[in-house]
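Each remark here refers to the structure printed beneath this line.
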Amino acid sequence: MSDHLLSVQNLHTSFFTDAGEVQAVNGVNFDLDRGEILGIVGESGSGKSVTAYSIMQILAETGRIVDGKILYNGEDLTGWSEKQMQAFRGKCCSIIFQDPMTSLNPVFTIGSQMKEAVVLHTDKRGSDADARVVELLELVGINEPRKRVKQYPFELSGGMRQRVMIAMALACEPDILIADEPTTALDVTIQAQILELIQGLQKKLGMAVILVTHDLGVIADMCDNIVVMYGGRICERGTAHEIFYNPRHEYTKGLLRSIPNVNNMKKKLIPISGTPINMLNMPKGCAFCARCDSAMKICLTEVPEELWINENHKAACWLNIRDAFRGKEEAE
Amino acid sequence: MSEPLVEVKNLKQYFPVRSGMKTQMLKAVDDVSFTVGQGETLGLVGESGCGKTTVGRTLLRLYEPTAGEVRFDGELVTDKNIHAMRKQMQMVFQDPYSSLDPRMTVEDIIGEPLDVHHLCSGRKERREKILELMSYVGLNAEHARRYAHEFSGGQRQRIGIARALAVNPKFIVCDEPVSALDVSIQAQVINMFEELQEKLGVAYLFIAHDLLVVHHISRRIAVMYLGKIVEIADADELNEHPIHPYTESLLSAVPIPDPEITRARQRIILEGDVPSPLNMPSGCAFRTRCRYATEQCTRECPALSNRGGGHQVACWNR
Amino acid sequence: MENPKKHLLSAQIDLSKFSEANFIPATEDEKRQQDVMSESTTFFKDGMRKLFKNPLAVASLIVLACIILTIIVAPMIVPYRYEEILSVNGRRDKGAKNLAPFTYSEMEQKYIAEGGTRFPHIFGTDEQCRDYFIRVVYGTRISLSVGFFASIIVLIIGMLYGSISGYLGGRVDLIMMRIVDIIYSLPDMLIIILLKVVLDERLSFPAGSFLAKLGTSMVSLFIVFGLLYWVGMARLIRGQILSIKENEYILAARAIGASSGRIIRKHIIPNCLSVIIISTALQIPSAIFTESFLSFVGIGVKAPMPSLGSLANAAREGLQSYPYKLIFPALMICLIVLSLNLLGDGLRDAFDPKLRR
């Protein structure tokens, strides 16, 4: 099993706030292989970003990994020192954020910020490092890179800034690129450019990508495998095809019903009722039970186990177990 | 065709922008004309900075228009009658967090338009009216005394809609009302807009950047680019036969939540970024990113021309 | 190679532990119980809860309450007046000069020995045979009320000026703010001293009026503070209003058709109230400080009216023999200023929305 590039096992991350412990991530498992694009999808408060931050160990001050393992090439990151993690970040795993404006320092030029990243993680110095910066900017499709290195972040558009962020993240060719809502702040046409860029780079450099987003369209477009999260837990995971065409969790089904149907735009949407989960007041059973139309008695009291649906698909929903119990199960 | 409810003619909205000593004119909305029929939904799409929000706000005279006119029910909207007009035209805002006063209870927020227009004779009537509005938008009456910050995004947006409905308007400008909401909540709010339209016959100007949502809710769609409308057509017509190269690439760039469809289609990736509205290219604003651009596009700006069936396009080459 | 049976759910979980009862659909009520909205709190309640969780703020609140209680109650209990020279049985007690705390003069001791009762001099007496405790109490009264009223005046002027400037914006704002800049650039201590001296000369009130009772020196102190310190408040409020004006709910109110007056009254003022209260609370100690300073250099309140500053000034002379005479008023100033500052900080932490997590 240790042949996965990254393996997250039973991850629990909590934030300790004034109002009490918030269990943002509550027992998450998934694996990432070399060259794979994994999508983590969920709404705000589902724990998808916290999962990504936990891998990088860049949680806010109040946050802590409480339990679980994060295996990178078989080694557990959770026990690593801050120094080891610093080497890990950038060299093995990089992250790009939603808002490229706030993640770049406004008082330094693009060039100096990128050079810093290059110097920090590689042995290139001086003009070698400068050359590497220009090379990286070319790689992410920025025209006139020699001119751009002298510019400040505010002189660039949002799409350009996101390209710079990607270039910085790629400075030492990491194995894993985590993209946390990389296109949410961008316009549709720019989003298409950036997604195309990430896809192209992934093929060229052979890295693995974790794409964290709430946009099912982006997920459908980009990802090989998908993890659907709700309330800090995984609802189901599997290949893109399985998740979109054979959803086995009520939340995923509800999500797919609540977006406009491309084949029949005028069809009425079927929304998921209720309000988003209150993280301070998690239900005892399945996180989704309060909003689920098919909730059963057992859903209220017990957390469903994640079980294999077929070799490409795992889901955590009591309905599947009910069907098995009633003997309706069929081997695929 | 019957008389349109809202008629916008040659609307212009320029903002002075001071940079150093000289003042430049930012042409946020430049010569925009469209109509919205009785009980109809017109979708307005475009990228950030294209002026779609400004159109909505200028329509309601939240900004003083630089030029052009707006007619509501055949009557010209002016500074003098705008107060009365606001009983007919209302607005729902994008950000459900900043569009509700954090120091007011839900009751007071929804009741404010009632107070401003003196629509209720007594406290009891006011309270009844507010509870009725709350039940319209699916809010629990027990929550009337709560503050807005205690609600989730979707519920806050319902409060904003109830506020807009309080004066019983015929026309509501919806400025990106669902883009700040989670996917699972978006559908609730979209459905509510549709139900309210069926029940009350309100017309919407539905401003959004999410083409799928706009296509779903609108009968007709207008596409804006840098302050100008480049294409207006029926929603399905626009989606199936886009003519303007910008619309074409916009549609192809929308990620469709269906792996097979989205991976099978050809994406037209636009080169470069949107030009700064302070430094607009001559002629057609889109020519810098257009793959069909010719010399004529540099010289002259194309006007909207009819291509049959109410499909209007502003392009020289298509 | 994969065993297809591996993916049968029945192979992964023991189905026998379930019964059909587990799979009865849950009722709406049961589901609703899972989805409770958190306790309703108002902004005020929530802020107060946070304030009372802050030990420093609570301690300063208690200290302030004690001080205020003392300055209200003490004059009712202590039988001496602040300007009264001590006397026993109608005879001036010349020996009651510079007594140490809780001691009696010879005349008083004799009087007590004869069976009379005499209220103790808690802080001793001063060089003019006056009870020092009651003088410190009155000094505190003066200092606190100067701080409080000066802050109110600052608040009123600053709020009016700042909100007009902020709400109207544009050219009006530009001119009004330049005036503020000019006032800001004046050396304030110098202006205070000049104004104070001039006002003391010029001001006169009809005898018997409230202002005359306060005395010209007090009134001129208020005016001086009001005239100089409102600029900071005006800037602060203008900044607040500018940022509140950007909020969509102001636009929403305009879209509804609300008038400017209504918008200011219903939306803008309530939303900058917390900042106003906090900065007023922080203004009080600085006014007290300035008042003490002025009285210390001798241009504050007029004798025999004591203030903490003038008491400290008077104590300088016998500093080596009677150090407690300096310690009491100085300690009082410290206590008041420190606790007001800490309370102000506590208020800001509890109520300023920008600092909220």
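Values in this text are rule-based calculations from the coordinates and carry no lab data. From a predicted model like this one, the values you see are computed outputs, not experimental measurements. So basically every Cβ, Gly included, is an ideal-geometry build from the backbone, and we count neighbours across all protein chains shown.
Things to note:
- Cross-link pairs beyond the 31 Å C-alpha cut-off, checked among C:94/C:196; A:267/B:9; C:94/C:302; B:199/B:228; B:52/B:80: C:94/C:196; A:267/B:9; B:199/B:228
- When you count the other C-beta atoms within 10 angstrom of each residue and take the mean per peptide, C:154-164, C:115-125 line up highest first as C:154-164, C:115-125.
- Order of B:316, A:318, A:80, C:230 under a 10 Å beta carbon neighbour criterion, fewest first: A:80, B:316, C:230, A:318
- Using C-alpha pairs under 8 Å with a sequence gap of at least 6, the mean separation divided by the residue count of the stretch C:223-357 gives a relative contact order of 23 percent.
- Note on chain A: with a GNM built from Cα contacts shorter than 10 Å, the maximum mean-square fluctuation among A:293, A:221, A:18 falls on A:18.
- Angle in degrees between helix B:153-165 and the longest Cα principal axis of chain B, rounded to the nearest 10: 80 degrees
- Label-point gap, in nm, between residue C:14 and residue A:109 - each point 7 angstrom along Cα→Cβ: 6.9 nm
- Prolate/oblate/rounded call for the stretch A:213-274, Cα gyration tensor, a/c under 1.5 rounded: oblate
- Ranking of A:15, C:328, C:44 by count of other Cβ atoms within 10 Å, fewest first: C:44, A:15, C:328
- Peptide ranges C:14-24, B:167-177 listed from the most packed, as the mean C-beta count within 10 angstrom indicates: B:167-177, C:14-24
- Estimated FRET transfer efficiency (residue C:205, residue C:89; beta-carbon r; R0 56 Å; 0.05): 0.90
- Computed from the C-beta positions of residue B:305 and residue A:264, the FRET efficiency with R₀ = 35 Å rounds to 0.65.
- FRET E, pair residue B:118, residue A:281, Förster distance 30 Å, beta-carbon r, rounded to 0.05: 0.10
- Percent antiparallel among DSSP beta bridges (both partners in the stretch A:103-239, rounded to 5): 55 percent
- Under the criterion of Cα pairs below 8 Å and six or more residues apart, the relative contact order for the stretch B:1-54 equals 37 percent.
- Protection proxy ranking, highest mean first, for peptides C:334-346, A:206-218: A:206-218, C:334-346, where packing is the per-residue count of other beta-carbon atoms within 10 Å, averaged.
- Cα-based shape type of the stretch A:142-196, given that a ≥ b ≥ c are square roots of the gyration tensor eigenvalues and the cut on a/c is 1.5: oblate
- A simple count of charges around residue B:113, restricted to other residues whose Cβ falls under 12 Å of its Cβ and scoring Lys, Arg +1 and Asp, Glu -1, yields +4.
- In this simple spin-label approximation, residue B:78 and residue C:70 carry label points 7 Å from Cα along the Cα→Cβ vector, and these lie 7.1 nm apart.
- DSSP beta bridges in chain A [antiparallel fraction, %, rounded to 5]: 65 percent
- Sequence-separation-based contact order of the stretch B:83-187, relative, with Cα cut under 8 Å and 6+ spacing, percent: 48 percent
- For peptide B:151-162, the mean count of partner chain Cβ atoms within 10 Å of a residue's Cβ comes to 2.
- DSSP bridge orientation in the protein assembly as shown - percent antiparallel, rounded to nearest 5: 65 percent
- Here's the list of aspartates and glutamates a cross-link from residue A:115 could span, going by alpha-carbon distance under 12 Å and ignoring same-chain residues fewer than 8 apart: A:123, A:128, A:130, A:135.
- Across peptide B:93-104, the average count of Cβ atoms from other chains found within 10 Å of a residue's Cβ is 6.
- The stretch B:247-296 and the stretch C:167-202: distance between their alpha carbon centers, rounded to Å: 57 Å
- Karplus-derived 3J(HN,Hα) values for the stretch B:191-204, using 6.51 cos²θ - 1.76 cosθ + 1.60 with θ = phi - 60°, are 4, 5, 4, 5, 5, 5, 5, 4, 6, 9, x, 6, 9, 10 Hz; glycine and proline are entered as x.
- Shielding by partners - mean other protein chain Cβ count within 10 Å, residues of A:263-269: 5
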